[in-house]
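S.K.: Sharing a structure below in structure tokens format, with a few things to ask.
FYI, it's all coordinate maths here, none of it is from the lab. As the structure is a computational prediction, the values presented were derived from the model and not from experiment. Cβ placement follows ideal geometry from the backbone for every residue including glycine, while neighbour counts extend to all protein chains displayed.
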Amino acid sequence: MEGKTILITGANSGIGFATARNLSEQGCHIILVCRNEKRGEEARQNIIDTTGNREIELLVADLSSQQDIRRLAEQVEEHYSKIDVLINNAGGVFGQYQVSEDGFEMTFAVNYLAPFLLSHLLLDKLKVSGSGRIINIASVMQDKNFNPDDAINQTSSSYSGMQAYKTAKTAVLMMTYYMGKRLADSGITVNALHPGFIYTPQATRMSPKLFRPLMKLFSKNPEQGAARPVYLAASSEVKGVTGEFFKDNKTERTSPVSYNEELQKILYTKSMQWTGLKTDDFTEYEWIR
Ligand SMILES: NC(=O)c1ccc[n+]([C@@H]2O[C@H](COP(=O)([O-])OP(=O)(O)OC[C@H]3O[C@@H](n4cnc5c(N)ncnc54)[C@H](OP(=O)(O)O)[C@@H]3O)[C@@H](O)[C@H]2O)c1
């Protein structure tokens, strides 16, 4: 993996941090994307100190903000010639209803709209790689039904954090399948994965304090969770494999609705609008136009 440039979002904590450290040990050039400069810098220093790899850089962006994502993409455009692997890891469950600065429900904004926008803005850099890989951290928590309009029209009175999470992660799967198919000739692959039930700050936030020791006992640690994105980032076994969902490093079927091609297309078109992407900006990618 030496010489590979890997961008990981949400890299200061949990699965993202463990993934960054593992890939640093393998000699990759790592770009950590974190929303908090202090936490990000601590993570960067920790990785340098523990792996001896000095090619670890930090970019700061709050991924709930589309303006921040665009600024992040501009920095990548300016400073890096290529991206070999983009790991869309940042995400989580929000107990309370929150709205992003762009007016979207926060779970949907961070878990789905951010990877959608960032992946598109970095397509050219991934293409330069010749074998760019987009890895979306999804989940086994998925929806049986999916309506793109319901996803953005959630209200505080009807809000359920877990339902919003399932909706957002189902959207991530639909985007993975849609883009995987259409990017097939570009050399870029797009896959999603479930990391396992991993004891991280996000997982603990979802559980009452009383249950946390029990939860720790039955869950895996972040290093074990990181083994899943590391496999998709580094293994030659998945070279050329695209549009798949992986659990325990094997492909697995997801909720039937996630394969609905008509819905995937509707979601895709709406997501272009929600993120302000213009089809004319993607002249090289016929399928977007
Ligand atoms: N843990 C599990 O059992 C499990 C299972 C299935 C899927 N997942 C998925 O795995 C991914 C990683 O989660 P984790 O369990 O490792 O949780 P975590 O330790 O809480 O990490 C989440 C990361 O996302 C970052 N993040 C959250 N909101 C952000 C924003 N607006 N802008 C930029 N970064 C933001 C967090 O930054 P801060 O530190 O600044 O908050 C943190 O670095 C998530 O997508 C999650 O849904 C986890």
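S.K.: Just one of the numbered conditions (1) crowded, with 16+ Cβ neighbours inside 10 Å; (2) within 16 Å of the ligand (Cβ to nearest atom) is not true of Asn53; which one?
M.R.: (2)
S.K.: Sticking with this one: Pick out the one residue from Asn46, Asn53, Asn89 that is under 19 Å from the mean Cα position of the chain (by Cα) and of a type outside the set (Phe, Trp, Tyr). Step through it out loud before you land on a result.
M.R.: Details: Asn46 fails: under 19 Å from the mean Cα position of the chain (by Cα); Asn53 fails: under 19 Å from the mean Cα position of the chain (by Cα).
Just a single option satisfies the conditions, and that option is Asn89.
S.K.: Next up: Could you count how many residues in the stretch 201-222 are more than 13 Å from the ligand (Cβ to nearest atom) and farther than 19 Å from Phe94 by Cα?
M.R.: Counting residues in the stretch 201-222 that are more than 13 Å from the ligand (Cβ to nearest atom) and farther than 19 Å from Phe94 by Cα gives 4.
S.K.: Here's another thing I want to ask about it. Filter the stretch 49-67 for residues that are in a helix (DSSP H, G or I) and in contact (Cβ under 8 Å) with a residue 12 or more places away in the chain and give the result.
M.R.: Initial filter on the stretch 49-67 (in a helix (DSSP H, G or I)): 49-51, 66-67.
Within the stretch 49-67, Thr50, Thr51, Gln66, Gln67 meet the criteria.
S.K.: Which helices (runs of 4 or more DSSP H) does the stretch 173-281 wholly contain that include 2 or more residues that are crowded, with 20+ Cβ neighbours inside 10 Å and of a type outside the set (A, V, I, L, M, F, W, C)? Talk me through it step by step, then tell me what you get.
M.R.: On the way: elements: 201-205, 212-218, 222-234, 261-274.
In the stretch 173-281, 222-234, 261-274 are the helices (runs of 4 or more DSSP H) which contain 2 or more residues that are crowded, with 20+ Cβ neighbours inside 10 Å and of a type outside the set (A, V, I, L, M, F, W, C).
S.K.: Step by step: first the residues of the stretch 95-117, then only those that are more than 12 Å from Ser65 (Cβ to Cβ) and surrounded by 20 or more Cβ atoms within 10 Å (Cβ to Cβ), then the one that is farthest from the chain's Cα centre (by Cα). Which residue is that?
M.R.: Glu105
S.K.: In the stretch 70-93, which residues are near the ligand (Cβ under 9 Å from one of its atoms) and touching a helix residue (DSSP H, G or I) at 6+ places or on another chain (Cβ under 6 Å)? Before you say what the answer is, go through the steps one by one.
M.R.: Taking the stretch 70-93 and keeping what is near the ligand (Cβ under 9 Å from one of its atoms), we get 88-93.
Within the stretch 70-93, Asn88, Asn89, Gly91, Gly92, Val93 qualify.
S.K.: Here's another thing I want to ask about it. Does Ala61 satisfy being of a type in the set (Gly, Ala, Ser), more than 18 Å from the chain's Cα centre (by Cα) and buried (at least 20 other Cβ atoms within 10 Å of the Cβ)?
M.R.: No, not satisfied.
S.K.: Within the stretch 1-31, how many residues are part of a helix (DSSP H, G or I) and either among the aromatic types (Phe, Trp, Tyr) or closer than 18 Å to Glu77 by Cβ (or both)? Steps first, please.
M.R.: To start, the set of residues in the stretch 1-31 that are part of a helix (DSSP H, G or I) comprises 14-25.
Checking the rest, the ones that are also either among the aromatic types (Phe, Trp, Tyr) or closer than 18 Å to Glu77 by Cβ (or both) come to 17.
The total comes to 1.
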